Amino acid sequence: MKALFILLLAQLCSASLVPEREKDPEYWRRQAQETLRNALRLQRLNQNVAKNLILFLGDGMGVSTVTAARILKGQLQHGQGEESLLEMDKFPFVALAKTYNTNAQVPDSAGTATAYLCGVKANEGTLGVSAGVTRDRCNTTKGQEVTSILRWAKEAGKAVGIVTTTRVTHATPSAAYAHSANRDWYSDGEMPPDALEGGCKDIARQLVENIPDIEVILGGGRKYMYPKNVTDVEYPHEEKHRGTRLDGRNLVQAWKEAKPHGKAAEYVWRRRELLALNLSRVDFLLGESLHPRVPWHQLGCRAVPGSAGGRIDHGHHEGKAKQALHEAVELDRAIGLATRLTSSHDTLSVVTADHSHVFTFGGYTPRGNPIFGLAPMQSDVDRKPFTSILYGNGPGYKIVAGERENVSAVDFAHADYQAQSAVPLRQETHGGEDVAVFARGPMAHLLHGVHEQNYIPHAMAYAACIGSNRGHCNAAPRPATPLLLPALGLLLLLLLC
């Protein structure tokens with residue numbers, strides 16, 4: 001009875017939260033008619049050749065994360081939240097992508113990255129190779145390498161870039177340039193003897209050697225670029241930050257030496273160096289922080305357009321929804337900036353995720369309920385309150401005195417709060433449902449309905465007339481508008497985890 005009373009009270013209170021304009025049926029009719037007019041305009045399809053391609057990848061940004069981030073964004077702007085719009089919400093074309101790996105119903109970030117970057121589905125844990133490769137088995141790799149849309153762009157004479165808020169050797173960005181039977185082979189120091197003896201290369205080495213003319217690389221994880229026990233420039237007295245390479249190579253120096261004579265190659269590792277750059281005089285840029293998980297937006301990454309949502313995934317794995325959702329809002333800010341810097345006339349922008357998480361929010365919350373707040377009711381089983389946000393599994397599972405923890409006794413709004421989960425795990429898992437694909441610009445209408453995830457780079461390549469499918473390109477109109485980065489020519493910019 002008490003729970004029912006609380007629910008009824010919440011419903012009464014929520015009635016007062018309805019904006020006056022929304023009580024008028026004409027408000028909703030006008031809104032629907034405006035949406036209809038915008039939809040009818042889309043009949044005039046944009047079939048230009050895409051001069052620029054931008055792929056925004058929110059790692060772990062499932063549909064429930066997108067919705068919750070939308071509400072958070074609105075509430076950060078002092079609104080109720082539900083009526084808010086993310087920048088990706090404004091993209092006119094939306095599809096769903098099926099994320100399974102060839103050997104996994106619920107995927108990982110390596111197999112999915114191979115799909116949406118290389119156009120081929122692959123096994124869990126493998127990078128830039130076909131499903132003929134078995135994880136950890138170096139000897140299955142030869143002849144099974146598959147190339148990415150980044151390489152297709154380079155072969156077409158385009159400039160390309162990778163920007164990430166995690167390490168540049170992490171599974172998601174590294175599928176753009178690497179071929180590996182194991183996503184965790186960051187340097188040769190992380191590889192088993194049989195893989196080294198078999199001639200397989202670590203991912204950091206492949207970053208430098210496989211496509212040496214990537215114009216922009218920004219991310220974290222610099223210790224994989226330096227010889228074992230070399231002290232870190234920022235933390236010289238901390239052993240855990242020292243280099244990991246067994247081959248004795250300095251890959252940053254190797255990266256510089258691989259550049260053509262007369263070309264300016266700049267390496268930066270701190271904010272002031274990045275902001276001091278004159279991009280019109282830079283041909284190649286490598287920026288690596290120490291930490292494998294880097295909030296690049298705090299380091300001035302908007303000198304290059306935007307920052308990525310790599311830490312959405314990290315926040316969810318730790319059961320820390322507040323961190324995950326704030327990262328998603330930050331990703332959306334980057335999308336907005338890129339939208340303002342480019343034109344849909346000649347730039348195809350795609351926003352998607354590699355996979356989802358077992359993250360949800362519910363509990364019959366009233367309009368405007370704080371996204372990190374409590375549901376307006378107690379459990380009718382254990383008579384305890386619960387937060388709207390919950391996980392299917394993860395580290396938030398807690399039993400106190402033989403019962404579910406009473407969340408009213410903890411600070412559930414804290415950034416490090418781990419939302420309750422149904423199953424105890426040290427790390428929360430990915431989810432298996434489809435993820436959204438938002439598209440804007442030339443040929444964006446090719447992303448529609450429900451697709452296999454590996455379709456995404458094929459559609460993007462078709463739009464830009466790169467890769468193997470170019471029979472339609474001779475007759476297509478070619479726009480001539482300013483470049484995304486004046487120093488770099490045409491840019492394919494992958495903003496990833």
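The values are calculated or read from the model by the stated rules, or taken from the named source; none is laboratory data. Nothing here was measured: the structure is a model prediction, and the numbers come from that model. Cβ placement follows ideal geometry from the backbone for every residue including glycine, while neighbour counts extend to all protein chains displayed. For the accessible areas, the whole protein counts, side chains as well, though only heavy atoms, and no ligand, DNA or RNA atoms are used. Shrake-Rupley method; radii C 1.70, N 1.55, O 1.52, S 1.80 Å.
Please go through the stretch 104-133 and pick out each residue that is within 21 Å of V358 (Cα to Cα), open to solvent by 10 Å² or more (accessible area, probe 1.4 Å) and among the aliphatic types (A, V, I, L, M).
A104, V106
Considering only helices (runs of 4 or more DSSP H) fully contained in the stretch 140-241, which possess at least 1 residues that are of a type in the set (K, R)?
149-155, 203-209
Residue-wise test of (1) open to solvent by 40 Å² or more (accessible area, probe 1.4 Å); (2) among the polar types (S, T, N, Q); (3) modelled with pLDDT of 95 or more; (4) outside the structural domain of T165 (by the TED database).
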| site | (1), (2), (3), (4) |
| --- | --- |
| L341 | yes, no, yes, no |
| S349 | no, yes, yes, no |
| R383 | yes, no, yes, yes |
| G396 | no, no, yes, yes |
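Which condition does N369 not pass, out of (1) touching a residue at least 60 places away in the same chain (Cβ under 8 Å); (2) not in a strand (DSSP E or B), if it passes all the others?
Going through the list (1) touching a residue at least 60 places away in the same chain (Cβ under 8 Å); (2) not in a strand (DSSP E or B), N369 breaks only (1).
Among the residues of the stretch 78-99, are any closer than 23 Å to A176 by Cα and open to solvent by 50 Å² or more (accessible area, probe 1.4 Å)?
yes
Assuming C200 fulfils every condition listed in (1) surrounded by fewer than 18 Cβ atoms within 10 Å (Cβ to Cβ); (2) in contact (Cβ under 8 Å) with a residue 40 or more places away in the chain; (3) not aromatic (F, W, Y) apart from one, which condition is it?
If we test C200 against (1) surrounded by fewer than 18 Cβ atoms within 10 Å (Cβ to Cβ); (2) in contact (Cβ under 8 Å) with a residue 40 or more places away in the chain; (3) not aromatic (F, W, Y), just (1) comes out false.
K256 passes all but one of (1) outside any helix (DSSP H, G or I); (2) among the charged types (D, E, K, R); (3) within 19 Å of L274 (Cα to Cα); which number fails?
The failed condition is (1).
For the stretch 259-274: of the residues being in a helix (DSSP H, G or I) and out of contact with any strand residue (DSSP E or B) (no Cβ under 7 Å at 6 or more places or on another chain), which is surrounded by the most Cβ atoms within 10 Å (Cβ to Cβ)?
Only one residue tops the list, namely R271.
Which condition number does E428 fail, the rest of (1) open to solvent by less than 10 Å² (accessible area, probe 1.4 Å); (2) of a type outside the set (F, W, Y); (3) over 24 Å from A175 (Cα atoms); (4) within 21 Å of the chain's Cα centre (by Cα) being met?
(3)
Please verify whether R151 is charged (D, E, K, R), within 28 Å of E327 (Cβ to Cβ) and open to solvent by 10 Å² or more (accessible area, probe 1.4 Å), treating the condition exactly as stated.
Against the criterion (charged (D, E, K, R), within 28 Å of E327 (Cβ to Cβ) and open to solvent by 10 Å² or more (accessible area, probe 1.4 Å)), R151 does not qualify.
Taking the stated definitions as given, is L331 in contact with a strand residue (DSSP E or B) (Cβ under 6 Å, 6 or more places away or on another chain) and within 21 Å of V66 (Cα to Cα)?
yes
Would you mind stating whether D354 is in the same structural domain as V49 (by the TED database), of a type in the set (D, E, K, R) and either under 30 Å from I149 (Cα atoms) or more than 27 Å from the chain's Cα centre (by Cα) (or both)?
yes
Within the stretch 216-229, can you find the residues that are buried (at least 24 other Cβ atoms within 10 Å of the Cβ) and among the charged types (D, E, K, R)?
R222, K223, listed by residue number.
Please go through the stretch 308-358 and give me each residue that is in contact with a Phe, Trp or Tyr (Cβ under 8 Å, 6 or more places away or on another chain), closer than 25 Å to A413 by Cβ and in a strand (DSSP E or B), ordered by number.
Result: G309, H357.
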